[in-house]
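What follows is a set of notes on a single structure, which appears directly below.
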Amino acid sequence: MPAAYLEAHGNGRLDESLRRSLQWMKVCTLCPRLCKVNRLENEKGYCRTGRYAVVASYGPHFGEEKPLVGKRGSGTIFFSYCNLGCVFCQNYEISHGGEGREVEPDELADIMLQLQQGGCHNINFVTPTHVIPQILEALPLAIRRGLHVPLVYNTGGYDRVSALKLLDGIVDIYMPDFKFWDPQVSGKLSDAPDYPHRAREALREMHRQVGDLRMDAGGIAEKGLLVRHLVMPGGLAGTEGVLHFIAEEISRSTYVNIMSQYHPCGEAVGSSLIGRTITSREFDDALRVAEREGLTRLDERHKHWLTFEL
Ligand code: SF4
């Protein structure tokens, strides 16, 4: 199956999305923060990213979901900064500290090509919401130099539907987190009380665009939706609500990665609320909820970071 963006490049849709996304940067409303700063003039809003994307690192990644990794890895590009403010972020230095370096479109295109030439099965944009225009700007340059592997939009889930529509027919694989069900919790831990509402809308739009995850004969993802849910200590993620929503309102055939590897990072270290890993019982409970909801396409991962209860 050819990558979606090749057709969009041919029929002018990619150019149109790029043109519109650059317009949006003038009064930035790319994400639900609606900062309205002029990023074309390098003004910075909540995400502290101006005209150009900041890249922290890139390379083949073997810790992602099985259908993305295959034998040769997922070609991850980690963007610095974020439009969420998660106090427990597992990449705190990148998302809050902004470790990394600004890259212009030509260099970003080169990075994509390097990853493809290294054998990666896809280009995996990590934390892309605030740099949609920069990705769209680099993409035609990369296509002209031979880019052809699928694109993965690997997001925290705090996205605007109208911005996602710019990516319709361009992104092949959406991989959003669905972090929290309770607005009070998302307000406290991610500085975004509207996160659950935004994530529900985003998942609906992503699924409308690409459908359930499809793989080739070798088990490598080609197109579709893959949802991540990190189980949090003390039930704070609202796992029951999240999995019920996915089953009832997205699809019971959704590919879901229920993740056990939460460990305290950043401001979570020493916290009475989230200063511990999850227990084996908490993770098993999450798996039981998935089973009850009829979600059977679960990523096969090993349990990490568990404490065992006596
Ligand atoms: S992308 Fe950045 S500047 Fe634009 S609205 Fe979101 S947080 Fe604000």
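What does the helix-only formula give at 222 nm for the chain: each DSSP H stretch with n ≥ 4 adding -39500 (n - 2.57), the total divided by the residues, and the result rounded to the nearest 500 deg cm²/dmol? Don't jump to the answer; show the numbers that get you there.
Details: 11 runs with 105 residues, N = 310.
Only helices count here, giving -10000 deg cm²/dmol.
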message: Just to be sure I understand: of the beta bridges DSSP finds with both ends in the chain, what percent are antiparallel, rounded to 5?
response: 30
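On a 29 Å Cα-Cα criterion, which of the cross-link pairs 66/179; 71/188; 179/223; 36/66; 44/165 come out too long?
Values: 66/179 21 Å; 71/188 39 Å; 179/223 22 Å; 36/66 39 Å; 44/165 23 Å.
Where the Cα-Cα span goes over 29 Å, the pairs concerned are 71/188; 36/66.
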field: Total charge dipole magnitude, region 1-96, about the Cα centre, Cβ charges on Lys, Arg, Asp, Glu only, Debye to nearest 20
entry: 180
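If you place +1 on the Cβ of every Lys and Arg and -1 on the Cβ of every Asp and Glu, how big does the dipole about the Cα centre of region 4-302 come out, in debye to the nearest 20? Numbers along the way, then the final one.
Working: 34 positive and 38 negative charges, 60 e Å.
The calculation lands at about 280 debye.
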message: Please state the shape class of region 135-216: rounded when a/c is under 1.5, otherwise prolate if a/b exceeds b/c and oblate if not, all from the C-alpha gyration tensor.
response: prolate
query: For the chain, with the dipole built from +1 on Lys and Arg beta-carbon atoms and -1 on Asp and Glu ones, taken about the Cα centre, which of 3, 116, 227 lies farthest toward the positive end?
result: 3
query: Tell me, 65, 41 in order of fewest to most beta-carbon neighbours within 10 Å?
result: 41, 65
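Bear in mind that the values in this text are calculations on the coordinates, not laboratory data. None of these values were measured; they are calculated from a predicted model. Heads up, the Cβs are rebuilt from the backbone with ideal geometry, glycines too, and the neighbour counts pull from every protein chain shown.
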